[in-house]
Amino acid sequence: MRAPDKTLDVQGVAGLRVRTLALETLELMERGQVLNVITSDKDSRKGIASLCLEKGYLLLDEVLDGSLHSFLIQR
């Protein structure tokens, strides 16, 4: 797995705000670049999955480590 081009740490942020911040960050990135989103929001999985589906981004990996979720998303 390739290293991310950028990391967005949104630990402590909840709900749709995680999805919104990820979208805003991805829109500033170049096509093909990878974003690592780190969140403590247990419900972020649905929001990140729907973001990728709606915008055509590729969800490369999802890792659950204790209370943290990490998502690798390719723009």
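Remarks
- Filter result (touching a Phe, Trp or Tyr at 6+ places or on another chain (Cβ under 9 Å), assigned to a strand (DSSP E or B) and open to solvent by 60 Å² or more (accessible area, probe 1.4 Å)) within the range 63-75: 63
- Residue tally, condition modelled with pLDDT under 95 and either closer than 10 Å to residue 73 by Cα or out of contact with any Gly (no Cβ under 9 Å at 6 or more places or on another chain) (or both), over the range 21-47: 3
- Of all residues in the range 2-11, exactly one satisfies the criterion of being at pLDDT below 95 and not basic (Lys, Arg), namely 3.
- Residues within the range 1-56 that are touching a residue at least 24 places away in the same chain (Cβ under 8 Å) and not in a helix (DSSP H, G or I), tallied: 30
The values are calculated or read from the model by the stated rules, or taken from the named source; none is laboratory data. Computed from a predicted structure; not experimentally measured. Every residue, glycine as well, gets a Cβ built from its backbone with ideal geometry; the counts of neighbours run over all protein chains shown. Just the protein is used for accessible areas: all its heavy atoms, side chains included, with ligands, DNA and RNA removed. Shrake-Rupley method; radii C 1.70, N 1.55, O 1.52, S 1.80 Å.
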